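Take a look at the structure below.
The values are calculated or read from the model by the stated rules, or taken from the named source; none is laboratory data. Keep in mind that this is a model prediction, so the values were computed, not measured. Note that each Cβ is placed from the backbone with ideal geometry, even for glycine, and that neighbours are counted across all protein chains shown. Accessible surface is based on the protein model in full, side chains and every heavy atom, while ligands, DNA and RNA are left aside. Shrake-Rupley method; radii C 1.70, N 1.55, O 1.52, S 1.80 Å.
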Amino acid sequence: MKRNRSMIIAFSVPATLIFAATFIYPIIRTVIMSFFSIQEITDSMDKWSFNGIGNYISLLQTPLYRTSWVNLFKIFLIGGIITLGVSLLLAVILKSGVRGRGFFQAAIYLPNVISAVAMATMWIQYVFNSSYGFLTNLFKALHLDFLANIQWLDSDHKFWALLISYCFGMIGHFMLIWISGIERIGNDYYEAASIDGAGKVGQFFYITLPLLRGILRTNIIMWSISVSGFFIWSKLFSPITADTSTIVPMIYMYDKLFGAENTGDVVRDAGTAAAIGVMLCLFIVLVFTLVNRMIKNDDLEF
């Protein structure tokens, strides 16, 4: 027993130290930095100026930062309903015995294999382009001129173009998670329900959905993590300067950390960027806590 304990310590200590150095230390340092005024992230601690909660107050008083959170919540709520709803519908259809299930499953998941940069560029250049984009040509062919004339990449429609393209790319990922949950449900439940006269719709609402509560909880948490790190799509839809219609906290943090041009000068504020990172982390923790309290599946049995 003593020998086994020594072996456990010998193998676990290096991994623990690497984990602490790679993850724990940066988290602690970021939290500490959020209470200081720091210009460069590489500045030594003797150059830090204690600011208390000044960084947080300054952020909450900045209209553009508040707008970034509004956009994030819209992506989280509206995009979450679209992505999780459509992905669940596709998962149920594919598990219902449709022919060519493997092909459709791979085709729907394909956007997740393609680089986000390539996907966003494809949508911007070949779907939303007002001159030769797919939507413009489609609506013109259908003689729906009022839809063909929509400028998807202007300030009024850019957010919705961004949201549509992002949800399209994420549906396949969550569809596979739904499928993994549906496969855990035994056919005995559906057979018993069919004998009792329940149709497909009734089976979905009274068997499938209740037994997928654990998967729903997982998907919501994973969606919140994905949304909190929303960066590439927003940057590609507004590559030069942050646009109020597409800016999110990660973009604002990037501009604060690496500098945004302001009247010819490059302004950097690593302390404020650290505060944004802490607030994003608190957002995920809040979602995690609420979801685990509201969605419970302890009383379910498969």
**Message:** Considering only residues that are part of a helix (DSSP H, G or I), farther than 22 Å from residue 216 by Cβ and small (Gly, Ala, Ser), which ones fall in region 184-203?
**Reply:** 192, 194
**Request:** Scan region 182-201 for residues that are touching a residue at least 60 places away in the same chain (Cβ under 8 Å) and either surrounded by 15 or more Cβ atoms within 10 Å (Cβ to Cβ) or hydroxyl-bearing (Ser, Thr, Tyr) (or both) and jot them down.
**Result:** 182, 185
**Item:** Sole exception among (1) of a type in the set (A, V, I, L, M); (2) closer than 15 Å to residue 272 by Cβ; (3) surrounded by 13 or more Cβ atoms within 10 Å (Cβ to Cβ) for residue 75, by number
**Value:** (2)
**Request:** Keeping to region 205-251, report how many residues are within 19 Å of residue 161 (Cβ to Cβ), in contact (Cβ under 8 Å) with a residue 60 or more places away in the chain and assigned to a helix (DSSP H, G or I).
**Result:** 7
**Request:** Could you tell me which residue of region 55-72 is farthest from the chain's Cα centre (by Cα), considering only residues that are open to solvent by less than 60 Å² (accessible area, probe 1.4 Å) and either over 18 Å from residue 249 (Cα atoms) or β-branched (Val, Ile, Thr) (or both)?
**Result:** 62
**Request:** Check region 35-47 and report whether any residue there is open to solvent by less than 80 Å² (accessible area, probe 1.4 Å), without any contact (Cβ under 8 Å) to a residue 40 or more places away in the chain and not in a helix (DSSP H, G or I).
**Result:** yes
**Asked** Taking helices (runs of 4 or more DSSP H) that do not extend beyond region 82-154, which have at least 1 residues that are surrounded by fewer than 18 Cβ atoms within 10 Å (Cβ to Cβ), polar (S, T, N, Q) and within 24 Å of the chain's Cα centre (by Cα)?
**Response** 101-113, 116-122
**Message:** I need every pair where a residue in region 149-161 that is more than 14 Å from residue 127 (Cα to Cα) has its Cβ under 7 Å from the Cβ of a residue that is outside any loop (DSSP other than H, G, I, E, B) and open to solvent by less than 80 Å² (accessible area, probe 1.4 Å), sequence separation at least 6 or different chains.
**Reply:** 159/71
